[in-house]
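Derivation of every value follows stated rules applied to the coordinates shown; laboratory data play no part. Just so it is clear, the structure is predicted and the values come from calculations on it, not from any experiment. Ideal geometry is used to build each Cβ from the backbone, glycine not excepted, and the neighbour counts take in all protein chains shown.
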Amino acid sequence: MATPLMRLLLAACPLLLVTADPIRKVTTTTTNGTLPLVMWHGMGDSCCNPLSMGAIKKMIEDDVPGIYVLSLRIGNNIVEDTSNSFFMDVNQQVTRVCAQLAQDPQLKGGYNAMGFSQGGQFLRAVAQRCPSPPMKNLISVGGQHQGVYGLPRCPGESSVICNWIRKALNTEAYSDMVQKHLVQAQYWHDPLEDDLYKKHSVFLADINQERVVNETYKKNLQLLEKFVMVKFLNDTVVDPRVTEWFGFLKTGQSKETETLQESLLYTEDRLGLAAMEKAGKLVFLASDGNHLQFTEKWFDDHLLPYIR
């Protein structure tokens, strides 16, 4: 059952990172106080793809000499890592990552975190559930913090595949089987079926305090020094785009969006985000590119300051 679906999803998912600038060395110095960096890749990618996460890891190591960069691998090898980004229960993934971070001696003094696409909300779950070792800054690059109500665009004229998968999610996303076995269903947020979403979403509804307010989640997230969210202004992969800044579609319809600040999550401060913004801890950044497409110069100018 999993193999055909994975093939369809892989066909629908474009390569997750493009760097337009040539690689260049930046003459920087580091101190013994430089924090390690933990990275989590997105859907259909892996920890060490030389065209995506591997290239980012090398770029950061060149820019910040001596930094320890851990690019998370979920599984025993790259094939498992890629497959798990589609089919391994997100809660199990987060639990595994929390254990890995707790056992890494390099991270005892704390670390910064950078999540790409779905890796952004997964690392936020780590911050909320596992405060030790302490995460200092969380950088979400195209993360979908209020979930998605759309699928990655298909290449060429293959929109029939996307339409088929979306139809399946629209009808089965909140069934126990799909919630358990399809990662993307676990952050599928249907504004037309709000009650079903809140009741059956095994991951997103939990970390977004949709059912009850977990004061531990709220307290732990507010321990962050900065929560940086990057939205891609020409994103054709994430629907709706405002989810990358923690906004979403207004409940009960599928066209009009609302900002984070207009949402009940914020006005009731169910997750502590209003308090964090008041304290200057929320950072909203924008890139002109499509999903996860940016230049090295943009990265150096906008994101590197939060990991040095």
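Here are some notes:
- Across the stretch 113-118, coupling constants 3J(HN,Hα) worked out from phi with the 6.51/-1.76/1.60 Karplus curve, θ = phi - 60°, read 10, 9, x, 9, 6, 4 Hz, and Gly and Pro carry x.
- Residue-count net charge about Glu225 - beta-carbon cut-off 12 Å; Lys, Arg +1, Asp, Glu -1: +3
- In the stretch 204-308, Rg over Rh equals 0.99, where Rg is the alpha-carbon radius of gyration and Rh the Kirkwood radius from pairwise Cα distances.
- Compactness of the stretch 178-252 - radius of gyration and Dmax, Cα, Å: 13.8, 36
- Percentage of interatomic Cα-Cα distances in the stretch 224-282 larger than 15 Å: 54
- Packing rank of 172-178, 221-227, where each peptide gets the mean count of other beta carbons within 10 Å, highest leading: 221-227, 172-178
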